[in-house]
Amino acid sequence: MFYACPICDQQLVLSPSHTNLSCSNNHQFDRAKQGYFNLLPVQRKKSKQPGDSKEMISARHDFLNADYYQPLAEKIAQIIKQQQVSTLLDLGCGEGYYTRQVKQRVTSLDTYGVDISKPAIIKAAKQDKQGHYSVASSDKLPLVDNCIDLILKVYAPANEDELKRVVTDKGLLLTITPGPRHLWQLREYIYQDVRAHDTQDTVFKGFKRMSSENFSFTICPTDEHRVALLQMTPFAWKANEVITEQIQQAQNLNIELDFVINLYQTLE
Ligand SMILES: C[S@@+](CC[C@H](N)C(=O)[O-])C[C@H]1O[C@@H](n2cnc3c(N)ncnc32)[C@H](O)[C@@H]1O
Ligand SMILES: [Zn+2]
């Protein structure tokens with residue numbers, strides 16, 4: 001395992017019983033019964049329950065596992081398969097949907113999933129006994145230097161210095177962000193004048209962009225899933241009861257999903 005101590009940065013070693021991690025300074029971390037490690041020290045918690053709440057995670061889990069986003073998961077796996085990678089970090093992995101989907105298709109991968117939300121990691125670890133899951137912040141990843149061949153970042157916050165630190169030489173960063181027409185038909189219910197998302201090029205210090213592509217498809221969720229999808233969006237708070245009801249009743253609404261997929265590699 002490539003875990004590093006969140007207190008002193010030394011490598012963490014797994015006990016023979018596999019139930020505990022410890023560093024040379026004797027900082028100890030017990031494995032939770034679901035199989036993950038909590039590597040977020042209390043002093044680094046900015047709130048009592050950082051990250052997405054249990055309810056948000058549960059809603060995202062129900063929606064994602066109905067597989068509306070499967071074409072995206074397949075696309076991500078296809079890109080990863082074309083690269084020579086053996087270790088993957090899913091940064092801000094949530095309930096682990098993409099980690100699992102990729103692992104199913106690229107079985108040789110050793111996967112790490114990190115999220116600051118404990119309910120997210122509990123859910124991820126319960127569903128995948130082979131992946132390594134930990135509660136931690138992207139601002140201070142609990143991983144040793146240069147151990148990850150590819151970092152997957154699907155709608156998740158990142159710290160540039162940490163990305164560069166954990167990635168191997170010639171390591172890769174694959175980011176998924178909303179494309180111009182993402183969720184267009186849902187946004188039409190909320191905004192009078194829907195505008196295409198601005199997809200400014202994001203630059204990551206120490207990385208160069210290798211490729212960029214748009215990827216889009218249309219889904220037609222059930223009434224219940226349409227509302228769940230709305231609730232997963234950053235504009236959900238703008239939808240009052242009337243709008244939410246209109247969306248629920250918009251039977252057979254085709255909704256465009258539109259993504260920008262960027263692949264970066266570390267600079268020499
Ligand atoms: C929009 S969700 C995306 C989750 C997942 N990648 C997916 O697409 O299903 C963003 C995730 O980032 C996590 N998050 C927020 N701040 C974080 C941080 N500082 N470090 C690690 N994870 C964080 C949240 O808990 C949440 O699970
Ligand atoms: Zn330590």
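Structural remarks
- Filter result for the condition that a residue is polar (S, T, N, Q), at pLDDT 90 or above and surrounded by fewer than 20 Cβ atoms within 10 Å (Cβ to Cβ), over Thr202, Thr177, Thr233: Thr177
- Any hit, the stretch 141-150, residues being buried (at least 19 other Cβ atoms within 10 Å of the Cβ) and in contact with a His (Cβ under 9 Å, 6 or more places away or on another chain): no
- Applying the condition of being touching a residue at least 40 places away in the same chain (Cβ under 8 Å), among the polar types (S, T, N, Q) and within 16 Å of ligand 2 (Cβ to nearest atom) to the stretch 2-51 and asking which residue is farthest from Val114 (Cα to Cα) yields Gln11.
- Listed by position, the strands (runs of 3 or more DSSP E) contained in the stretch 76-143 that have at least 3 residues being among the hydrophobic types (A, V, I, L, M, F, W, C) are 87-91.
- For Ser58, the conditions (1) in a helix (DSSP H, G or I); (2) within 10 Å of ligand 2 (Cβ to nearest atom); (3) of a type in the set (Ser, Thr, Tyr) are fulfilled apart from (2).
- Evaluated against (1) over 25 Å from Val167 (Cβ atoms); (2) surrounded by 13 or more Cβ atoms within 10 Å (Cβ to Cβ), Ser212 falls short on exactly one condition, (1).
- Picking from residues in the stretch 73-124 that are within 18 Å of Ser138 (Cβ to Cβ) and of a type in the set (A, V, I, L, M), the one that is nearest to the chain's Cα centre (by Cα) is Leu91.
- Exactly one residue out of Glu241, Glu213, Glu188, Glu224 is under 23 Å from His61 (Cβ atoms) and over 18 Å from the mean Cα position of the chain (by Cα), and it is Glu224.
- Meets criteria (assigned to a loop (DSSP other than H, G, I, E, B), more than 16 Å from ligand 1 (Cβ to nearest atom), surrounded by 14 or more Cβ atoms within 10 Å (Cβ to Cβ) and of a type in the set (Gly, Ala, Ser)) for Gly35: yes
- Filter pass, Lys164 being more than 8 Å from ligand 1 (Cβ to nearest atom), at pLDDT 95 or above, basic (Lys, Arg) and surrounded by fewer than 20 Cβ atoms within 10 Å (Cβ to Cβ): yes
- Of all residues in the stretch 40-55, those satisfying the criterion of being within 11 Å of ligand 1 (Cβ to nearest atom), part of a loop (DSSP other than H, G, I, E, B) and of a type outside the set (Gly, Ala, Ser) are Leu40, Lys45, Lys46, Gln49, Pro50, Asp52.
- All told, Asn25 meets the bar of being modelled with pLDDT of 95 or more and in contact with a Cys (Cβ under 7 Å, 6 or more places away or on another chain).
- Unique residue being touching a strand residue (DSSP E or B) at 6+ places or on another chain (Cβ under 7 Å) and either more than 16 Å from ligand 2 (Cβ to nearest atom) or within 23 Å of Tyr69 (Cα to Cα) (or both) when the list is Pro178, Pro234: Pro178
- Which numbered condition Asn26 misses (of (1) within 14 Å of ligand 1 (Cβ to nearest atom); (2) assigned to a loop (DSSP other than H, G, I, E, B); (3) surrounded by fewer than 21 Cβ atoms within 10 Å (Cβ to Cβ)): (1)
The values are calculated or read from the model by the stated rules, or taken from the named source; none is laboratory data. Here the structure is a predicted model, which means the values were calculated and not measured. Methodologically, a virtual Cβ is constructed for each residue, glycine included, from the backbone with ideal geometry; neighbour enumeration extends over all protein chains shown.
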